[in-house]
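**Student:** Would you mind keeping the following structure in view while I ask a few things?
The values are calculated or read from the model by the stated rules, or taken from the named source; none is laboratory data. Since this is a predicted model, take the numbers as computed values, not measurements. All Cβ positions, even for glycine, are placed from backbone atoms using ideal geometry, and neighbour counts span all protein chains on display. Each accessible area value is taken on the protein alone, full model and side chains, heavy atoms only, with ligands, DNA and RNA left out. Shrake-Rupley method; radii C 1.70, N 1.55, O 1.52, S 1.80 Å.
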Amino acid sequence: MVAEFNETEISEIERIYASQKSHYALVGKTKASERIAKLKKFQVAILKFRSELEEAMWKDYRKPAAEVALTEIYPVIQEIRFALKHLGGWMKPKRVARPITMIGSSSRVHYEPKGMCLIIAPWNYPMQLLFAPLVSAIAAGNTVILKPSEFNSNTVQVLKRIVDEAFDEREIAVVEGGVEVSTKLLDMKFSHIFFTGAPEIGKIVMAAASKHLTSVTLELGGKSPTIIDETADIKAMVPRITWAKFVNAGQICIAPDYVIVHESKKEDFVQGMAQQINKHYGKDAIDSPDYLRIINSRHFLRLKGYLEATVQQGGKVVFGGAMNEAENYIEPTLITDVKQSSDLMQHEVFGPILPIITYKDKQEVIELIKSKEKPLAVYIYSRSKKNIKYFIENTSAGGTCINMSAVHVGNPNLPFGGINNSGIGKSRGHYGFLEFTNERGVLHQKLPSAVEFMAPPYTRFKQKLIDWTIKYL
Ligand code: NAD
(Lines give C-alpha, C1' and ligand atoms only; values in the text may rest on other atoms or scores of the structure.)
Protein backbone atom coordinates (compact mmCIF):
# COMPACT_ATOMS: atom_id res chain seq x y z
CA MET A 1 0.00 0.00 0.00
CA VAL A 2 1.49 3.30 -1.08
CA ALA A 3 0.91 6.36 1.09
CA GLU A 4 0.20 9.66 -0.54
CA PHE A 5 3.42 11.15 -1.77
CA ASN A 6 4.07 14.60 -0.34
CA GLU A 7 6.33 16.98 -2.13
CA THR A 8 7.65 19.91 -0.17
CA GLU A 9 6.82 23.20 -1.92
CA ILE A 10 9.81 25.13 -3.22
CA SER A 11 8.79 28.17 -1.13
CA GLU A 12 8.77 25.94 1.97
CA ILE A 13 12.27 24.62 1.12
CA GLU A 14 13.48 28.19 0.79
CA ARG A 15 11.91 29.10 4.13
CA ILE A 16 13.62 26.15 5.90
CA TYR A 17 16.92 26.96 4.22
CA ALA A 18 16.72 30.60 5.33
CA SER A 19 15.89 29.60 8.91
CA GLN A 20 18.88 27.21 9.04
CA LYS A 21 21.09 29.87 7.49
CA SER A 22 20.29 32.28 10.28
CA HIS A 23 20.89 29.59 12.89
CA TYR A 24 23.89 27.50 11.79
CA ALA A 25 26.54 29.69 13.41
CA LEU A 26 24.84 29.24 16.78
CA VAL A 27 24.59 25.47 16.30
CA GLY A 28 28.27 25.42 15.40
CA LYS A 29 29.18 26.90 18.78
CA THR A 30 27.43 24.16 20.79
CA LYS A 31 29.45 22.30 23.39
CA ALA A 32 29.84 18.52 23.52
CA SER A 33 27.24 18.32 26.30
CA GLU A 34 24.64 20.08 24.13
CA ARG A 35 25.29 17.82 21.14
CA ILE A 36 25.12 14.80 23.42
CA ALA A 37 21.71 15.98 24.67
CA LYS A 38 20.50 16.26 21.05
CA LEU A 39 21.69 12.77 20.20
CA LYS A 40 20.01 11.34 23.30
CA LYS A 41 16.74 13.02 22.35
CA PHE A 42 17.11 11.60 18.84
CA GLN A 43 17.60 8.09 20.25
CA VAL A 44 14.46 8.38 22.41
CA ALA A 45 12.41 9.56 19.41
CA ILE A 46 13.62 6.69 17.21
CA LEU A 47 12.72 4.07 19.82
CA LYS A 48 9.34 5.71 20.44
CA PHE A 49 8.42 5.23 16.76
CA ARG A 50 9.69 1.65 16.47
CA SER A 51 6.30 0.04 15.79
CA GLU A 52 5.34 2.79 13.28
CA LEU A 53 8.63 2.18 11.47
CA GLU A 54 7.95 -1.56 11.35
CA GLU A 55 4.46 -1.01 9.98
CA ALA A 56 5.59 1.54 7.36
CA MET A 57 8.47 -0.56 6.05
CA TRP A 58 6.21 -3.59 5.79
CA LYS A 59 3.83 -1.52 3.67
CA ASP A 60 6.63 -0.14 1.51
CA TYR A 61 8.34 -3.43 0.62
CA ARG A 62 7.37 -6.05 3.20
CA LYS A 63 10.48 -5.59 5.30
CA PRO A 64 10.12 -7.94 8.28
CA ALA A 65 10.12 -6.35 11.74
CA ALA A 66 13.30 -8.25 12.69
CA GLU A 67 15.16 -6.64 9.78
CA VAL A 68 13.75 -3.20 10.59
CA ALA A 69 15.21 -3.65 14.07
CA LEU A 70 18.53 -5.19 13.01
CA THR A 71 19.35 -3.30 9.83
CA GLU A 72 17.60 0.05 10.23
CA ILE A 73 17.13 0.92 13.91
CA TYR A 74 20.14 -0.81 15.46
CA PRO A 75 22.81 0.65 13.13
CA VAL A 76 21.57 4.17 13.92
CA ILE A 77 21.36 3.48 17.67
CA GLN A 78 24.86 1.98 17.51
CA GLU A 79 26.11 5.08 15.69
CA ILE A 80 24.53 7.32 18.35
CA ARG A 81 26.02 5.27 21.22
CA PHE A 82 29.46 5.39 19.62
CA ALA A 83 29.24 9.16 19.17
CA LEU A 84 27.99 9.66 22.76
CA LYS A 85 31.02 7.78 24.02
CA HIS A 86 33.64 9.52 21.88
CA LEU A 87 32.24 12.95 21.01
CA GLY A 88 34.07 14.83 23.80
CA GLY A 89 37.42 13.44 22.59
CA TRP A 90 36.64 14.03 18.90
CA MET A 91 35.81 17.71 19.50
CA LYS A 92 38.83 18.50 21.65
CA PRO A 93 41.56 20.41 19.80
CA LYS A 94 44.47 18.04 19.19
CA ARG A 95 48.01 19.21 19.82
CA VAL A 96 50.41 18.14 17.07
CA ALA A 97 54.21 18.16 16.83
CA ARG A 98 56.10 20.89 14.99
CA PRO A 99 59.35 20.79 13.01
CA ILE A 100 62.47 22.21 14.68
CA THR A 101 62.35 25.18 12.26
CA MET A 102 59.15 26.25 13.98
CA ILE A 103 60.59 26.39 17.43
CA GLY A 104 58.80 28.96 19.55
CA SER A 105 55.36 27.96 18.30
CA SER A 106 52.75 25.33 19.13
CA SER A 107 50.25 23.74 16.76
CA ARG A 108 46.78 22.35 17.21
CA VAL A 109 44.04 20.95 15.00
CA HIS A 110 40.66 22.50 15.78
CA TYR A 111 37.53 20.61 14.76
CA GLU A 112 35.02 23.13 13.50
CA PRO A 113 31.65 22.28 11.94
CA LYS A 114 31.34 22.70 8.19
CA GLY A 115 28.06 24.58 8.65
CA MET A 116 24.93 23.97 6.60
CA CYS A 117 24.73 20.39 5.33
CA LEU A 118 22.51 18.45 2.96
CA ILE A 119 21.98 14.68 3.22
CA ILE A 120 20.35 12.90 0.25
CA ALA A 121 19.44 9.25 0.81
CA PRO A 122 18.33 6.25 -1.27
CA TRP A 123 15.36 3.93 -0.73
CA ASN A 124 17.00 0.60 0.04
CA TYR A 125 17.76 1.34 3.72
CA PRO A 126 15.59 4.43 4.06
CA MET A 127 16.25 5.03 7.74
CA GLN A 128 19.80 3.79 8.24
CA LEU A 129 21.21 5.69 5.26
CA LEU A 130 19.43 8.92 6.19
CA PHE A 131 20.00 8.87 9.95
CA ALA A 132 23.50 7.35 10.32
CA PRO A 133 25.14 10.30 8.49
CA LEU A 134 22.80 12.61 10.42
CA VAL A 135 24.36 11.38 13.68
CA SER A 136 27.81 12.34 12.37
CA ALA A 137 26.53 15.74 11.19
CA ILE A 138 24.95 16.50 14.59
CA ALA A 139 28.05 15.32 16.44
CA ALA A 140 30.11 17.69 14.30
CA GLY A 141 27.77 20.63 15.08
CA ASN A 142 26.02 21.28 11.77
CA THR A 143 22.51 22.12 10.61
CA VAL A 144 21.06 19.59 8.17
CA ILE A 145 18.38 19.37 5.51
CA LEU A 146 17.47 15.70 4.93
CA LYS A 147 16.13 14.53 1.57
CA PRO A 148 14.99 10.90 1.78
CA SER A 149 14.06 8.87 -1.30
CA GLU A 150 10.66 9.42 -2.88
CA PHE A 151 10.13 5.63 -3.15
CA ASN A 152 9.47 4.89 0.55
CA SER A 153 6.37 7.01 0.98
CA ASN A 154 5.12 5.27 4.14
CA THR A 155 8.50 5.16 5.86
CA VAL A 156 9.33 8.77 5.03
CA GLN A 157 6.23 9.95 6.92
CA VAL A 158 7.52 8.24 10.07
CA LEU A 159 11.08 9.49 9.57
CA LYS A 160 9.67 13.01 9.33
CA ARG A 161 7.72 12.57 12.56
CA ILE A 162 10.88 11.37 14.34
CA VAL A 163 12.83 14.41 13.12
CA ASP A 164 9.99 16.80 14.03
CA GLU A 165 9.79 15.25 17.50
CA ALA A 166 13.53 15.41 18.19
CA PHE A 167 14.69 18.63 16.54
CA ASP A 168 14.05 22.28 15.92
CA GLU A 169 13.65 22.71 12.14
CA ARG A 170 16.17 25.55 12.28
CA GLU A 171 18.69 22.76 12.93
CA ILE A 172 17.38 19.59 11.28
CA ALA A 173 14.49 19.29 8.82
CA VAL A 174 13.14 16.77 6.32
CA VAL A 175 12.30 17.89 2.81
CA GLU A 176 10.22 15.47 0.71
CA GLY A 177 10.32 14.93 -3.02
CA GLY A 178 12.01 13.38 -6.02
CA VAL A 179 14.40 14.61 -8.66
CA GLU A 180 12.86 18.09 -8.92
CA VAL A 181 13.21 18.77 -5.20
CA SER A 182 16.68 17.23 -5.15
CA THR A 183 17.72 19.45 -8.06
CA LYS A 184 16.39 22.53 -6.27
CA LEU A 185 18.36 21.62 -3.15
CA LEU A 186 21.50 21.01 -5.19
CA ASP A 187 21.21 24.53 -6.62
CA MET A 188 21.43 25.97 -3.11
CA LYS A 189 24.71 26.66 -1.41
CA PHE A 190 25.59 24.16 1.31
CA SER A 191 28.90 23.65 3.10
CA HIS A 192 28.77 19.89 2.67
CA ILE A 193 26.64 17.40 0.75
CA PHE A 194 26.46 13.78 1.86
CA PHE A 195 24.90 11.71 -0.92
CA THR A 196 24.11 8.01 -0.96
CA GLY A 197 22.88 6.54 -4.23
CA ALA A 198 23.84 5.43 -7.71
CA PRO A 199 27.18 6.43 -9.30
CA GLU A 200 25.39 8.18 -12.23
CA ILE A 201 23.48 10.41 -9.81
CA GLY A 202 26.66 10.89 -7.75
CA LYS A 203 28.16 12.59 -10.81
CA ILE A 204 25.18 14.98 -10.98
CA VAL A 205 25.60 15.77 -7.27
CA MET A 206 29.32 16.39 -7.63
CA ALA A 207 28.82 18.64 -10.67
CA ALA A 208 26.21 20.68 -8.77
CA ALA A 209 28.47 20.89 -5.69
CA SER A 210 31.34 22.16 -7.82
CA LYS A 211 29.34 25.32 -8.64
CA HIS A 212 29.66 26.39 -4.99
CA LEU A 213 32.91 24.49 -4.30
CA THR A 214 30.96 22.50 -1.74
CA SER A 215 32.67 19.41 -0.34
CA VAL A 216 30.95 16.07 -0.94
CA THR A 217 30.78 12.61 0.51
CA LEU A 218 29.52 10.21 -2.13
CA GLU A 219 28.43 6.77 -0.94
CA LEU A 220 27.84 4.99 -4.22
CA GLY A 221 27.50 1.44 -5.49
CA GLY A 222 28.77 -0.91 -8.14
CA LYS A 223 29.64 -4.54 -8.58
CA SER A 224 31.11 -6.04 -5.40
CA PRO A 225 32.65 -9.44 -6.14
CA THR A 226 32.83 -12.47 -3.85
CA ILE A 227 35.90 -14.62 -4.45
CA ILE A 228 35.74 -18.27 -3.38
CA ASP A 229 39.02 -20.11 -3.80
CA GLU A 230 39.85 -23.82 -3.88
CA THR A 231 40.54 -23.90 -0.11
CA ALA A 232 37.28 -22.21 1.01
CA ASP A 233 35.10 -23.85 3.66
CA ILE A 234 31.84 -24.07 1.69
CA LYS A 235 29.76 -25.36 4.59
CA ALA A 236 30.75 -22.47 6.83
CA MET A 237 30.38 -19.81 4.18
CA VAL A 238 27.03 -20.51 2.52
CA PRO A 239 24.93 -19.18 5.45
CA ARG A 240 26.98 -15.96 5.40
CA ILE A 241 26.66 -15.43 1.64
CA THR A 242 22.98 -16.39 1.59
CA TRP A 243 22.26 -13.88 4.32
CA ALA A 244 24.27 -11.05 2.73
CA LYS A 245 22.83 -11.62 -0.75
CA PHE A 246 19.16 -12.13 0.05
CA VAL A 247 18.54 -9.95 3.09
CA ASN A 248 16.50 -6.94 1.85
CA ALA A 249 15.99 -9.09 -1.31
CA GLY A 250 19.49 -8.21 -2.46
CA GLN A 251 18.77 -4.48 -2.52
CA ILE A 252 21.99 -3.59 -0.72
CA CYS A 253 24.95 -1.60 -1.95
CA ILE A 254 27.38 -4.05 -0.30
CA ALA A 255 25.56 -7.25 -1.30
CA PRO A 256 27.70 -9.86 -3.06
CA ASP A 257 26.95 -8.71 -6.62
CA TYR A 258 28.50 -11.77 -8.27
CA VAL A 259 30.51 -14.79 -7.20
CA ILE A 260 33.73 -15.91 -8.80
CA VAL A 261 34.38 -19.42 -7.55
CA HIS A 262 37.21 -21.87 -8.22
CA GLU A 263 35.85 -24.49 -10.63
CA SER A 264 36.57 -27.31 -8.14
CA LYS A 265 34.12 -25.75 -5.64
CA LYS A 266 31.31 -24.67 -7.96
CA GLU A 267 29.00 -27.69 -7.55
CA ASP A 268 29.33 -27.73 -3.75
CA PHE A 269 28.71 -24.00 -3.63
CA VAL A 270 25.57 -24.09 -5.78
CA GLN A 271 24.13 -27.05 -3.83
CA GLY A 272 25.01 -25.49 -0.50
CA MET A 273 23.41 -22.15 -1.45
CA ALA A 274 20.23 -23.86 -2.70
CA GLN A 275 19.83 -25.72 0.59
CA GLN A 276 20.57 -22.62 2.64
CA ILE A 277 18.07 -20.46 0.71
CA ASN A 278 15.41 -23.09 1.45
CA LYS A 279 16.39 -22.99 5.12
CA HIS A 280 16.00 -19.20 5.26
CA TYR A 281 12.83 -18.79 3.23
CA GLY A 282 11.16 -22.21 2.99
CA LYS A 283 10.30 -24.08 -0.22
CA ASP A 284 8.62 -21.07 -1.77
CA ALA A 285 10.03 -17.70 -0.77
CA ILE A 286 6.87 -15.92 -1.93
CA ASP A 287 5.09 -17.36 1.12
CA SER A 288 7.85 -16.40 3.54
CA PRO A 289 7.10 -13.45 5.85
CA ASP A 290 10.86 -12.95 6.02
CA TYR A 291 11.49 -12.21 2.35
CA LEU A 292 11.10 -8.73 0.90
CA ARG A 293 9.65 -7.47 -2.35
CA ILE A 294 11.40 -5.32 -4.92
CA ILE A 295 10.75 -1.67 -4.08
CA ASN A 296 8.68 -0.83 -7.20
CA SER A 297 7.74 -2.02 -10.67
CA ARG A 298 10.53 0.01 -12.30
CA HIS A 299 13.18 -1.91 -10.40
CA PHE A 300 11.22 -5.19 -10.78
CA LEU A 301 11.19 -4.78 -14.58
CA ARG A 302 14.86 -3.78 -14.61
CA LEU A 303 15.82 -7.02 -12.82
CA LYS A 304 13.45 -9.14 -14.91
CA GLY A 305 15.01 -7.65 -18.06
CA TYR A 306 18.56 -8.36 -16.83
CA LEU A 307 17.70 -11.97 -16.03
CA GLU A 308 15.87 -12.66 -19.29
CA ALA A 309 18.59 -11.08 -21.44
CA THR A 310 21.30 -13.04 -19.58
CA VAL A 311 19.41 -16.33 -20.08
CA GLN A 312 19.06 -15.52 -23.78
CA GLN A 313 22.84 -15.19 -23.91
CA GLY A 314 23.30 -18.71 -22.51
CA GLY A 315 22.95 -18.13 -18.75
CA LYS A 316 21.47 -21.11 -16.84
CA VAL A 317 19.17 -20.53 -13.88
CA VAL A 318 20.25 -23.27 -11.45
CA PHE A 319 18.01 -22.16 -8.60
CA GLY A 320 14.92 -19.94 -8.38
CA GLY A 321 13.93 -17.67 -11.24
CA ALA A 322 10.22 -17.38 -10.33
CA MET A 323 8.61 -13.93 -10.44
CA ASN A 324 5.27 -12.34 -9.66
CA GLU A 325 4.82 -8.97 -11.29
CA ALA A 326 1.69 -8.01 -9.34
CA GLU A 327 3.72 -8.29 -6.11
CA ASN A 328 7.13 -7.14 -7.43
CA TYR A 329 8.39 -10.52 -6.24
CA ILE A 330 11.58 -12.15 -7.50
CA GLU A 331 12.64 -15.48 -6.04
CA PRO A 332 16.21 -15.82 -4.72
CA THR A 333 17.95 -16.84 -7.94
CA LEU A 334 21.31 -18.41 -8.79
CA ILE A 335 22.54 -18.27 -12.38
CA THR A 336 25.62 -19.89 -13.94
CA ASP A 337 27.24 -19.79 -17.39
CA VAL A 338 26.97 -16.02 -17.37
CA LYS A 339 28.75 -14.14 -20.14
CA GLN A 340 30.72 -11.01 -19.26
CA SER A 341 28.78 -9.10 -21.89
CA SER A 342 25.42 -9.97 -20.26
CA ASP A 343 23.28 -7.35 -18.50
CA LEU A 344 23.83 -9.08 -15.18
CA MET A 345 27.60 -8.57 -15.48
CA GLN A 346 27.47 -5.13 -17.07
CA HIS A 347 25.27 -3.47 -14.41
CA GLU A 348 25.05 -3.49 -10.62
CA VAL A 349 22.43 -6.20 -9.89
CA PHE A 350 20.88 -4.62 -6.76
CA GLY A 351 18.38 -7.45 -6.38
CA PRO A 352 18.10 -11.15 -5.46
CA ILE A 353 19.90 -12.61 -8.49
CA LEU A 354 23.40 -14.03 -8.02
CA PRO A 355 25.56 -14.64 -11.11
CA ILE A 356 28.13 -17.40 -10.51
CA ILE A 357 31.31 -17.42 -12.57
CA THR A 358 34.12 -20.00 -12.36
CA TYR A 359 37.88 -19.63 -12.62
CA LYS A 360 40.88 -21.91 -12.88
CA ASP A 361 43.76 -19.56 -12.22
CA LYS A 362 43.97 -16.76 -9.62
CA GLN A 363 45.10 -14.33 -12.28
CA GLU A 364 41.67 -14.62 -13.98
CA VAL A 365 40.02 -13.31 -10.81
CA ILE A 366 42.19 -10.23 -10.79
CA GLU A 367 41.66 -9.61 -14.50
CA LEU A 368 37.88 -9.84 -14.11
CA ILE A 369 37.74 -7.48 -11.10
CA LYS A 370 40.12 -5.03 -12.73
CA SER A 371 38.07 -4.99 -15.92
CA LYS A 372 35.34 -3.23 -13.93
CA GLU A 373 35.19 -0.05 -11.82
CA LYS A 374 36.75 -0.26 -8.34
CA PRO A 375 34.07 -1.90 -6.18
CA LEU A 376 32.53 -0.80 -2.89
CA ALA A 377 33.53 -4.17 -1.40
CA VAL A 378 35.53 -7.29 -2.23
CA TYR A 379 34.75 -10.45 -0.25
CA ILE A 380 37.33 -13.22 -0.03
CA TYR A 381 36.50 -16.74 1.11
CA SER A 382 39.66 -18.77 1.57
CA ARG A 383 41.66 -20.77 4.11
CA SER A 384 44.93 -19.92 2.41
CA LYS A 385 46.81 -16.97 3.92
CA LYS A 386 48.83 -16.73 0.71
CA ASN A 387 45.71 -16.46 -1.45
CA ILE A 388 44.05 -13.92 0.85
CA LYS A 389 47.16 -11.74 0.70
CA TYR A 390 47.29 -12.12 -3.08
CA PHE A 391 43.64 -11.11 -3.57
CA ILE A 392 43.93 -8.11 -1.25
CA GLU A 393 47.19 -6.87 -2.73
CA ASN A 394 46.03 -7.18 -6.32
CA THR A 395 42.64 -5.49 -6.02
CA SER A 396 41.36 -2.15 -4.74
CA ALA A 397 38.01 -1.66 -2.98
CA GLY A 398 36.23 0.58 -0.48
CA GLY A 399 36.19 -2.27 2.05
CA THR A 400 36.76 -6.00 2.40
CA CYS A 401 35.59 -8.91 4.51
CA ILE A 402 37.58 -12.12 4.72
CA ASN A 403 35.43 -15.23 5.19
CA MET A 404 32.44 -12.95 5.76
CA SER A 405 30.23 -10.61 3.74
CA ALA A 406 28.82 -7.13 4.24
CA VAL A 407 29.20 -6.78 8.01
CA HIS A 408 32.23 -4.48 7.89
CA VAL A 409 29.70 -1.60 7.74
CA GLY A 410 28.69 -2.58 11.30
CA ASN A 411 32.07 -1.86 12.89
CA PRO A 412 32.13 1.88 13.71
CA ASN A 413 35.91 1.70 14.14
CA LEU A 414 36.31 0.97 10.44
CA PRO A 415 35.93 3.60 7.73
CA PHE A 416 32.99 2.81 5.45
CA GLY A 417 32.80 3.97 1.85
CA GLY A 418 33.96 3.38 -1.67
CA ILE A 419 36.71 4.47 -3.98
CA ASN A 420 36.23 6.50 -7.18
CA ASN A 421 33.16 5.06 -8.94
CA SER A 422 31.98 3.36 -5.74
CA GLY A 423 32.35 6.50 -3.66
CA ILE A 424 34.36 9.41 -2.36
CA GLY A 425 35.01 9.98 1.34
CA LYS A 426 34.30 7.70 4.30
CA SER A 427 31.53 7.53 6.85
CA ARG A 428 30.58 6.07 10.24
CA GLY A 429 32.07 6.68 13.67
CA HIS A 430 35.01 9.04 13.82
CA TYR A 431 35.34 8.97 10.02
CA GLY A 432 31.77 10.25 9.71
CA PHE A 433 32.43 13.00 12.26
CA LEU A 434 35.50 14.13 10.29
CA GLU A 435 33.56 14.15 7.04
CA PHE A 436 31.24 16.84 8.45
CA THR A 437 34.12 18.72 10.11
CA ASN A 438 36.68 21.22 8.92
CA GLU A 439 40.02 20.21 10.41
CA ARG A 440 41.45 23.64 10.96
CA GLY A 441 45.19 23.89 11.50
CA VAL A 442 46.02 26.52 14.10
CA LEU A 443 49.62 27.61 14.78
CA HIS A 444 50.32 29.81 17.78
CA GLN A 445 53.61 31.73 17.70
CA LYS A 446 54.87 32.35 21.24
CA LEU A 447 58.53 33.29 20.76
CA PRO A 448 60.39 34.99 17.89
CA SER A 449 60.09 32.89 14.75
CA ALA A 450 62.93 31.42 12.66
CA VAL A 451 61.36 33.16 9.66
CA GLU A 452 62.43 36.48 11.14
CA PHE A 453 66.09 35.39 10.95
CA MET A 454 65.70 34.51 7.29
CA ALA A 455 63.67 37.49 6.04
CA PRO A 456 65.07 40.00 3.53
CA PRO A 457 67.56 41.50 3.08
CA TYR A 458 69.30 38.19 2.25
CA THR A 459 72.75 38.83 3.62
CA ARG A 460 75.57 36.30 3.20
CA PHE A 461 74.92 35.09 6.74
CA LYS A 462 71.19 34.57 6.05
CA GLN A 463 71.93 32.72 2.82
CA LYS A 464 74.27 30.42 4.71
CA LEU A 465 71.55 29.83 7.27
CA ILE A 466 69.07 28.95 4.49
CA ASP A 467 71.59 26.54 2.89
CA TRP A 468 72.23 24.97 6.28
CA THR A 469 68.44 24.58 6.83
CA ILE A 470 68.02 22.82 3.50
CA LYS A 471 70.95 20.53 4.25
CA TYR A 472 70.17 19.55 7.84
CA LEU A 473 66.65 20.45 9.01
P1 NAD B 1 19.43 7.01 -6.70
O2 NAD B 1 20.80 7.54 -6.95
O3 NAD B 1 18.52 6.82 -7.85
O4 NAD B 1 18.66 7.94 -5.65
C5 NAD B 1 19.26 8.40 -4.47
C6 NAD B 1 18.71 9.77 -4.14
O7 NAD B 1 19.04 10.68 -5.17
C8 NAD B 1 17.19 9.82 -3.96
O9 NAD B 1 16.89 10.60 -2.83
C10 NAD B 1 16.72 10.47 -5.24
O11 NAD B 1 15.55 11.23 -5.07
C12 NAD B 1 17.88 11.36 -5.62
N13 NAD B 1 18.00 11.53 -7.07
C14 NAD B 1 17.68 10.64 -8.04
N15 NAD B 1 17.93 11.14 -9.25
C16 NAD B 1 18.40 12.39 -9.07
C17 NAD B 1 18.84 13.43 -9.95
N18 NAD B 1 18.82 13.28 -11.27
N19 NAD B 1 19.26 14.59 -9.40
C20 NAD B 1 19.29 14.76 -8.06
N21 NAD B 1 18.87 13.82 -7.19
C22 NAD B 1 18.45 12.64 -7.67
O23 NAD B 1 19.68 5.64 -5.93
P24 NAD B 1 18.65 4.60 -5.40
O25 NAD B 1 18.01 3.89 -6.55
O26 NAD B 1 17.75 5.23 -4.40
O27 NAD B 1 19.64 3.59 -4.63
C28 NAD B 1 20.37 2.62 -5.32
C29 NAD B 1 21.82 2.99 -5.53
O30 NAD B 1 22.38 3.49 -4.33
C31 NAD B 1 22.68 1.78 -5.89
O32 NAD B 1 23.62 2.13 -6.87
C33 NAD B 1 23.37 1.43 -4.59
O34 NAD B 1 24.57 0.70 -4.72
C35 NAD B 1 23.59 2.78 -4.01
N36 NAD B 1 23.74 2.71 -2.56
C37 NAD B 1 24.96 2.98 -2.00
C38 NAD B 1 25.13 2.88 -0.63
C39 NAD B 1 26.46 3.15 0.05
O40 NAD B 1 26.47 3.28 1.27
N41 NAD B 1 27.55 3.26 -0.67
C42 NAD B 1 24.04 2.50 0.16
C43 NAD B 1 22.82 2.24 -0.45
C44 NAD B 1 22.67 2.36 -1.81
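**Student:** Quick one: in the stretch 330-361, which of the residues that are among the polar types (S, T, N, Q) and free of Cβ contacts under 8 Å to residues at least 60 places away in the same chain is surrounded by the fewest Cβ atoms within 10 Å (Cβ to Cβ)?
**Tutor:** 341
**Student:** Let me ask something else. Go over the candidates 181, 163 one by one and state the one that is more than 20 Å from residue 80 (Cβ to Cβ) and buried (at least 16 other Cβ atoms within 10 Å of the Cβ).
**Tutor:** Numbers: 163 fails: more than 20 Å from residue 80 (Cβ to Cβ).
Going through 181, 163 in turn, the sole match is 181.
**Student:** Out of the stretch 456-470, which residues are farther than 14 Å from residue 101 by Cβ and among the hydroxyl-bearing types (Ser, Thr, Tyr)?
**Tutor:** Matches in the stretch 456-470: 458, 459.
**Student:** Kindly list the number of the only condition in (1) at negative phi; (2) hydrophobic (A, V, I, L, M, F, W, C); (3) without any contact (Cβ under 8 Å) to a residue 24 or more places away in the chain that fails for residue 213.
**Tutor:** If we test residue 213 against (1) at negative phi; (2) hydrophobic (A, V, I, L, M, F, W, C); (3) without any contact (Cβ under 8 Å) to a residue 24 or more places away in the chain, just (1) comes out false.
**Student:** I'd like the full set of residues that are surrounded by fewer than 20 Cβ atoms within 10 Å (Cβ to Cβ) and either of a type in the set (Gly, Ala, Ser) or modelled with pLDDT under 95 (or both), limited to the stretch 74-96.
**Tutor:** Once the filter is applied, which keeps residues that are surrounded by fewer than 20 Cβ atoms within 10 Å (Cβ to Cβ) and either of a type in the set (Gly, Ala, Ser) or modelled with pLDDT under 95 (or both), the stretch 74-96 yields 88, 89.
**Student:** Within the stretch 282-298, how many residues are open to solvent by less than 60 Å² (accessible area, probe 1.4 Å), part of a helix (DSSP H, G or I) and either more than 20 Å from residue 344 (Cβ to Cβ) or at pLDDT below 95 (or both)?
**Tutor:** Total meeting the criteria: 1.
**Student:** Scan 138, 100 and give me the residue that is in contact with a Leu (Cβ under 7 Å, 6 or more places away or on another chain), of a type in the set (A, V, I, L, M) and open to solvent by 20 Å² or more (accessible area, probe 1.4 Å).
**Tutor:** Numbers: 138 fails: open to solvent by 20 Å² or more (accessible area, probe 1.4 Å).
100 is the lone residue from the list that is in contact with a Leu (Cβ under 7 Å, 6 or more places away or on another chain), of a type in the set (A, V, I, L, M) and open to solvent by 20 Å² or more (accessible area, probe 1.4 Å).
**Student:** Which of the residues spanning the stretch 141-155 are within 20 Å of residue 39 (Cα to Cα) and either assigned to a helix (DSSP H, G or I) or open to solvent by 10 Å² or more (accessible area, probe 1.4 Å) (or both)?
**Tutor:** Applying the first criterion (within 20 Å of residue 39 (Cα to Cα)) to the stretch 141-155 yields 141-148.
Residues satisfying the conditions do not exist here.
**Student:** When only residues in the stretch 374-385 that are of a type outside the set (S, T, N, Q) and crowded, with 18+ Cβ neighbours inside 10 Å count, which is nearest to the ligand (Cβ to nearest atom)?
**Tutor:** Restricting attention to the stretch 374-385, the residues satisfying the condition of being of a type outside the set (S, T, N, Q) are 374-381, 383, 385.
If we keep only those that are crowded, with 18+ Cβ neighbours inside 10 Å too, we end up with 374-381.
On the way: 374: 13, 375: 10, 376: 6, 377: 9, 378: 14, 379: 15, 380: 20, 381: 22 Å.
Out of the qualifying residues, it is 376.
**Student:** Residues that are under 24 Å from residue 127 (Cβ atoms), in contact with a strand residue (DSSP E or B) (Cβ under 9 Å, 6 or more places away or on another chain) and within 13 Å of the ligand (Cβ to nearest atom): list the strands (runs of 3 or more DSSP E) wholly contained in the stretch 167-238 that include at least 3 such residues. Spell out the reasoning first.
**Tutor:** Details: elements: 172-174, 192-196, 215-219, 225-228.
Once the strands (runs of 3 or more DSSP E) in the stretch 167-238 are filtered for at least 3 residues that are under 24 Å from residue 127 (Cβ atoms), in contact with a strand residue (DSSP E or B) (Cβ under 9 Å, 6 or more places away or on another chain) and within 13 Å of the ligand (Cβ to nearest atom), what remains is 192-196, 215-219.
**Student:** Would it be correct to say that residue 40 is farther than 24 Å from residue 414 by Cβ, touching a helix residue (DSSP H, G or I) at 6+ places or on another chain (Cβ under 9 Å) and open to solvent by less than 70 Å² (accessible area, probe 1.4 Å)?
**Tutor:** Details: farther than 24 Å from residue 414 by Cβ: yes; touching a helix residue (DSSP H, G or I) at 6+ places or on another chain (Cβ under 9 Å): yes; open to solvent by less than 70 Å² (accessible area, probe 1.4 Å): no.
When the stated conditions are applied, residue 40 does not pass them.
**Student:** Now, a different point. Please work out which residue is farthest from residue 407 (Cα to Cα), limiting yourself to the stretch 59-73 and to residues that are open to solvent by 40 Å² or more (accessible area, probe 1.4 Å) and among the charged types (D, E, K, R).
**Tutor:** First, pick out the residues of the stretch 59-73 that are open to solvent by 40 Å² or more (accessible area, probe 1.4 Å): 59, 62, 65-66, 70.
Still in the running and among the charged types (D, E, K, R): 59, 62.
Numbers: 59: 26, 62: 22 Å.
Result: 59.
**Student:** Find all pairs meeting these conditions: Cβ atoms under 6 angstrom apart; at least six residues apart or on different chains; first residue within the stretch 116-129 and within 13 Å of residue 17 (Cα to Cα); second residue more than 9 Å from the ligand (Cβ to nearest atom) and among the β-branched types (Val, Ile, Thr).
**Tutor:** From residues that are within 13 Å of residue 17 (Cα to Cα), the pairs are 116/143; 117/144; 118/145; 118/193.
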